[in-house]
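Notes to accompany the following structure.
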Amino acid sequence: MEIVVKENYEALSNYVAQCIQEQIKDKPSSVIGLATGSTPVGTYKELVEAYKRKEVDFSKISTINLDEYIGLSNDHPQSYHVFMQEQLFNHVNIEEQNTHIPNGVATNLEEECQRYEQVIDTIGPVDLQILGIGVNGHIGFNEPGSSFTGKTSIVPLTESTIEANARFFDTMEEVPREAVTMGIQSILKSKKIILLASGESKAPVIEQLLSGEVTEALPASVLHQHEDVTIVVDPLAYQLVNK
Ligand code: F6R
């Protein structure tokens, strides 16, 4: 596991965007695994800027998103579908049919999970997976206690995640309680993984992650078992390491 500490959020975002651009340059038909949440917003902004400068071509790539809330239609402002359109897809030359996000309003959600896992296996493996990390160590929406052998599934969100997500909704009642998420095993199929963490709220979980213990109580710790993982942090997220 490689650790990269960048001087601030902007530098972190720029670094991760550069990694994605290099991946696409090396292999124009790359499959990129994408995360939502606030951490990668800066990275997507950098990618849009690079596209405007004609430094990157998304026309042949495919993307696979980690997760989607259950019960939010694909045009709900807080859905991850809309998030991805607003942050990236609407601003670059990616083909809509090459973007994949679980459907959180599928009539049969079990079938949707199987379909999504098949998408991962058919167009994958993911060449480069971008991950954020929850304050409780979740990756995707694989909350503490999730099996390391899990595939795409329907998962309940923990109170800590519901509280962290509440900032995006007007009332607590609107905050989704469940999601469809790629499983830990699905994530580990990726050839290369970059996990981003920024800000002091992530400091305790980054300290725990870098302590090296591998436990289902800290889902991200499974990344120690993958051969190509880079953790990119800013000083606020890194502040408790080696203290
Ligand atoms: C989002 C996702 C989540 C987030 C995590 C961190 O697709 O899979 O695991 O990456 O909750 O979210 P932020 O970046 O908002 O702190």
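The values are calculated or read from the model by the stated rules, or taken from the named source; none is laboratory data. Predicted model, so just to flag it, every value in this text is computed and none were measured. As a convention, Cβ positions derive from the backbone with ideal geometry for all residues, glycine included, and neighbour counts pool all protein chains shown. What goes into the accessible areas is simple: the full protein's heavy atoms, side chains included, and nothing from ligands, DNA or RNA. Shrake-Rupley method; radii C 1.70, N 1.55, O 1.52, S 1.80 Å.
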Report task. Could you check how many residues of the range 138-166 are charged (D, E, K, R) and in contact with a Gly (Cβ under 6 Å, 6 or more places away or on another chain)? Result -> 1
Report task. Output the residues belonging to the range 16-68 that are among the basic types (K, R), under 20 Å from K6 (Cα atoms) and more than 16 Å from the ligand (Cβ to nearest atom). Result -> none
Report task. Go through the range 83-100 residue by residue and tally those that are under 25 Å from V155 (Cβ atoms), away from the ligand (no atom under 13 Å from the Cβ) and part of a helix (DSSP H, G or I). Result -> 3
Report summary line: Within the range 15-37, the residues that are open to solvent by 60 Å² or more (accessible area, probe 1.4 Å) and either basic (K, R) or over 13 Å from K60 (Cα atoms) (or both) are Y15, Q18, E22, K25, K27
Query raised in the report: Listed residues Q118, Q114, Q97; which is out of contact with any helix residue (DSSP H, G or I) (no Cβ under 9 Å at 6 or more places or on another chain), closer than 21 Å to P28 by Cβ and either open to solvent by 20 Å² or more (accessible area, probe 1.4 Å) or modelled with pLDDT under 95 (or both)?
Result: Q97
Query raised in the report: Can H76 be described as more than 12 Å from the ligand (Cβ to nearest atom) and either under 20 Å from L131 (Cβ atoms) or open to solvent by less than 60 Å² (accessible area, probe 1.4 Å) (or both)?
Result: yes
Query raised in the report: Which one of these is at pLDDT 95 or above, closer than 18 Å to L195 by Cβ and among the aromatic types (F, W, Y): Y44, Y51?
Result: Y44
Query raised in the report: Could you say whether any residue in the range 210-219 is in contact with a strand residue (DSSP E or B) (Cβ under 7 Å, 6 or more places away or on another chain), within 25 Å of G124 (Cβ to Cβ) and aliphatic (A, V, I, L, M)?
Result: no
